[in-house]
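Please read the structure below before turning to the comments.
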Amino acid sequence: MATTTATVSINSSDLIPGQPLSINASHTLTKSGLTEGLEIIDMGRGVLTEASAADALAEALGTADTSNWIYLCNKSTNDLHYIKVGIHDTLIGHLGAGEWLWMPWNMGDNVAEINIEAEGVTGSSITYEYAIFQESKTLPAKT
Amino acid sequence: MATLTPTLILNSADATTDVLNFSVTDSLNITGDVVSLNRVALSTGDLTLLAAASYTKSYVYLKNTDNSIVINIDFGSTLSIALAAGELAFFPWESSQNIVAASASGTPVLEYALFEA
């Protein structure tokens with residue numbers, strides 16, 4: 001069983017006067033329950049074009065209600081570029097230039113895809129970086 | 001205006017043949033409200049943790065501090081995130097729908113913070 005550890009730290013020296021913020025939290029990626037090991041890993045980079053529709057970064061192809069994790073980063077350096085991130089019809093948030101997210105994705109049903117869409121400057125492109133750790137994945141059927 | 005520096009580190013020596021050792025950081029401008037690190041005991045009933053009407057774009061940190069019970073996070077009424085024991089998340093929130101929390105059972109404690117852009 002593979003052991004993968006995620007650590008998120010959030011720091012600020014000027015958020016609250018006289019009280020520097022220093023959050024440092026870690027967890028080990030587990031399958032449903034507390035069994036360690038998410039061995040299905042998909043990592044890479046891609047490019048989104050503004051004005052195109054939302055694309056599925058990952059389809060919910062696997063067992064529903066399982067443990068899966070998403071890292072996504074907007075690699076653009078243009079402050080006008082952002083990526084809309086959603087789970088099916090639910091908007092989670094807008095990833096601005098340089099911003100990233102780390103969140104579980106539980107594939108609650110077979111349409112609970114993670115979708116992304118470039119926004120900000122007509123016709124421009126946004127490079128994104130991602131990693132998906134999955135407990136369960138069913139390969140698409142052969143065409 | 002304050003500066004928030006979030007960092008994510010992913011490590012694994014045995015997930016694949018190639019060692020995973022990955023880090024990403026960012027520098028975020030925080031100009032609005034801050035909900036400093038806070039803890040709340042949940043029940044199986046829905047609790048509106050963060051009301052969409054109260055914030056604009058924000059960054060949200062969530063951590064399930066329990067060692068066995070799952071915490072469910074809804075955006076509006078749609079179950080979107082299940083935080084298992086000890087798990088955490090950090091993400092931008094567009095404030096288009098409330099963030100609602102409930103336990104799968106019992107009274108686990110959720111740790112959270114919000115930073116409004």
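The values are calculated or read from the model by the stated rules, or taken from the named source; none is laboratory data. Every value quoted in this text rests on a predicted model; they were computed, and no experiment measured them. When we count neighbours, we look across all protein chains shown, and the Cβ atoms used for this are built from the backbone with ideal geometry, even at glycine.
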Would you mind stating whether B:Tyr55 is touching a Gly at 6+ places or on another chain (Cβ under 8 Å) and crowded, with 18+ Cβ neighbours inside 10 Å? yes
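Residue-wise test of (1) modelled with pLDDT of 95 or more; (2) among the β-branched types (Val, Ile, Thr).
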residue	(1), (2)
A:Thr30	no, yes
A:Ala97	yes, no
A:Trp105	no, no
A:Ala112	no, no
A:Gly123	no, no
A:Ser136	no, no
Search region A:1-19 for residues that are more than 7 Å from chain B (Cβ to nearest Cβ) and pair each with any residue that is surrounded by 12 or more Cβ atoms within 10 Å (Cβ to Cβ) and in a strand (DSSP E or B) when their beta-carbon atoms are under 6 Å apart and the residues are at least 6 apart or on different chains. A:Met1/A:Glu36
If A:Leu34 meets every condition in (1) within 9 Å of chain B (Cβ to nearest Cβ); (2) over 22 Å from B:Ile9 (Cα atoms); (3) outside any strand (DSSP E or B) apart from one, which number is that one? (2)
What is the number of the single condition among (1) of a type outside the set (A, V, I, L, M); (2) surrounded by 12 or more Cβ atoms within 10 Å (Cβ to Cβ); (3) within 11 Å of chain A (Cβ to nearest Cβ); (4) closer than 29 Å to B:Ala104 by Cβ that B:Asp14 does not meet? (4)
Condition check for A:Ile92: assigned to a strand (DSSP E or B), hydrophobic (A, V, I, L, M, F, W, C) and in contact (Cβ under 8 Å) with a residue 40 or more places away in the chain: no
So, in region B:1-32, how many residues would count as being farther than 30 Å from A:Ile16 by Cα and assigned to a strand (DSSP E or B)? 4
Are there any pairs, at least 6 apart or on different chains, whose C-beta atoms fall under 6 Å, with the first in region B:80-98 and on the phi > 0 side of the Ramachandran plot and the second of a type outside the set (Ser, Thr, Tyr) and not in a strand (DSSP E or B), and if so, which? B:Ser95/B:Ala52
Could you check A:Gly123 against (1) within 17 Å of A:Leu29 (Cβ to Cβ); (2) out of contact with any Pro (no Cβ under 9 Å at 6 or more places or on another chain); (3) not hydroxyl-bearing (Ser, Thr, Tyr) and say which number it fails? (1)
Can you confirm whether region A:9-30 contains a residue that is surrounded by 12 or more Cβ atoms within 10 Å (Cβ to Cβ), of a type outside the set (Gly, Ala, Ser) and closer than 12 Å to A:Ile132 by Cβ? yes
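Taking into account only those residues within region A:37-51 that are in contact (Cβ under 8 Å) with a residue 60 or more places away in the chain and facing chain B (nearest Cβ under 8 Å), which is surrounded by the most Cβ atoms within 10 Å (Cβ to Cβ)?
A:Leu38
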Considering each of A:Asn78, A:Asn115 in turn, give the residue that is more than 12 Å from every other protein chain (Cβ to nearest Cβ) and either part of a strand (DSSP E or B) or closer than 20 Å to B:Tyr61 by Cβ (or both). A:Asn115
When you scan region B:40-117 for strands (runs of 3 or more DSSP E) that lie fully inside it, which ones turn up with 1 or more residues that are modelled with pLDDT under 95 and within 9 Å of another protein chain (Cβ to nearest Cβ)? B:71-75, B:78-83
Residues of region B:17-31 being touching a residue at least 24 places away in the same chain (Cβ under 8 Å), surrounded by 15 or more Cβ atoms within 10 Å (Cβ to Cβ) and not β-branched (Val, Ile, Thr), in sequence order, are B:Leu28
Scan region A:59-75 for residues that are within 8 Å of another protein chain (Cβ to nearest Cβ) and either in a strand (DSSP E or B) or within 18 Å of A:Tyr130 (Cβ to Cβ) (or both) and jot them down. A:Ser67, A:Tyr71, A:Cys73
